[in-house]
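For reference, the structure is listed below as structure tokens.
Each reported figure results from applying straightforward, stated rules to the coordinates on display, with no laboratory input. Treat the numbers as computed from the prediction; the structure is a model and nothing was measured. All Cβ positions, even for glycine, are placed from backbone atoms using ideal geometry, and neighbour counts span all protein chains on display.
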Amino acid sequence: MSDAPPRQRMADALAEVRREGYKVAVIYAVVDAALVTLAVNLLLQVVTVGAIPETVRPLAPLSGVLSGTGLSWLAGTPVGTSTLAGAAAGLLTFVVEFALRVRRPLVEQFEAANPSIRESLRTARDTVEDGRETVMALALYRDVLDRLRDTSSLELIDARRLVVTVTVLVAVSLVSIQVAVVDLNLGLGGPDGGDGPDQSPNQRPYEGLRDGDAILGDAENVTAGDTELDADLQTQGGGESGNGSSAAAYDQSGFASSADVESQQAGFAPSEQVEDAELIREYNLKIRDIEDDDS
Amino acid sequence: MSRDDPPGDGGTLSGADVDIDRLQSKVERVREEVGKRIVGQRTVLDQLLACILSDGNALLESNPGLGKTSMVKAVSAVTDLEFSRIQNTPDLMPSDITGTEIIRESQQGREFVFEKGPIFANVVLADEINRATPKTQAALLEAMQEKQVTAAGETHALPRPFFVLATQNPIDQEGTYPLPEAQTDRFLLKILVEYPDFEEERRIVELYTEDFQAPPIEQVVSREEIQTMQRLVRQVPIADDIRDRAVKLVQQTRDEETIEFGASPRASMALVLTGKARAFMQGRRHVSWDDIVAMAPPVLRHRIILDFRAERQGLTPDEVIESLVR
């Protein structure tokens, strides 16, 4: 490089300046495109428009092409509409911003960022383009090359703007994650809150308490059985545990029975243990009397 | 001011032969030496030097007694250039300037010999040029343009480098023949010399009232070095946008309402060339827009004619030029 003639070295330096300009344009475009991608994705996840489906199969038209390859599964793979829209918006942002940033001559952008060599660098650029190699032109090239060592392409980047954009990007990405977990949806698309053919698991109907009569149906007369058994019920103290004591209590209370009914410990949670067995026995007797009268 | 031939002997420059920094430093030494005799007038001196490095001719205008002649003499003294002075009067003939053929007797008999006039010098000071008749003015201006003199059918080249530094008085217009605009356009610059301030005038009095002799001046730049610098000045690179802005500035003088007659393309060339000279004198390798702004008034003030309404309002050419530059 140092053996190259001054004009060639100047031309190489200008090419390097232009490359730095392209790098800066890419940095800005990538960061802004990422922000737009996440923002659009987040917006479409929070606000659902009824006319827009939840997922699409963008490669479905290519199923014929993909059928002969090992990638035919791609044709049927659904992709979230919000993701697809975000990606498209991000790509558009990247292309537009990059084009706008490189529209102004890159050497002039470098000059604006390094005003100490503004005029000399621009003069050197024009002189190189004219192909001049006069004594003064060569002296200019050497002078500019020396002064370029004291310049920096970092001046092309607006650090504050970049930090703000990255900060917003991180915030939007965190919000996107939170929205995905919480499944927040404003459902502005229709009366059913955005139900569609491709319903996600998050949109199943409510399965809480229902109307008991609707479940049980109409009351029916139940015919009495052929076998009548007398059951002997006994009271049982609260808080007892152990099969032995409860079985004994069961045998000693209730109606007399000609048949031995093998007692079994009823399984129930201690928190639901009946505290007043005598009261329950009395209610049971009353219920049986009412039923006998009705029959 | 269109010259196809390079100044001096037409030799080419080689990077190995030329020490640009040394030559640029010579300009500062010239300023120092001239400053031993001329107090202040730094801007005038710089414009004069720019004119010389641009291989052009200058018209100096000021009231009497402001050191125009002294400055020109001092500038020629710091170089080894030959100096001559022409005091223009109404009875001055063209042959008094260019030279004439005289009869000389020799052993072979009588023969016509061309006796060179005072114009055959490197630096010609034409004092009070507006006092000479138009015919004499034309002879001088033709020599300025062509760098040669034709007498008795023979053409005699003028020495190189060749500069005409003409002076004129803005007052005392009685008995004068103002230069027509077509001829003032041949001067690269019109330099105005202003009155010194108090400190400068005090130093002038101290300098010139304590001794009969003017302070000595050392020669610091040679004829060849001046010619080399002239070639380097023309090679000074200028950015495309600065050059375009300079041309647009001159074109604006043709569209400006306060200007009746604008400047010609000769002014565009002069503006760019003197901008290069100023950049060289300041030690730079490129022309800055500040150079163009600084040289715009001396380049344009004698090339534009203000509208009578502007003159009635008291506008001066310099004020109009400044408004165009801003």
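Observations
- Listed pairs B:Lys190/B:Lys276; B:Lys135/B:Lys248; B:Lys68/B:Lys248; B:Lys36/B:Lys276; B:Lys190/B:Lys248 exceeding 25 Å between Cα atoms: B:Lys135/B:Lys248; B:Lys68/B:Lys248; B:Lys36/B:Lys276
- Computed from the C-beta positions of B:Glu101 and A:Arg147 and an R0 of 41 Å, the FRET efficiency is 0.10 to the nearest 0.05.
- Highest average packing first - A:32-42, A:154-164, A:93-103, Cβ atoms within 10 Å: A:32-42, A:93-103, A:154-164
- Residue by residue along B:231-239, Cβ atoms of other protein chains within 10 Å of the local Cβ number 6 on average.
- Given charges at Cβ of Lys, Arg, Asp, Glu: segment A:8-114 dipole, positive-most of A:Val65, A:Val31, A:Thr55: A:Val65
- Three-way shape label, chain B, alpha-carbon gyration tensor, a/c 1.5: rounded
- For chain B, relative contact order (Cα pairs under 8 Å, six or more residues apart, normalised by length) works out to 23 percent.
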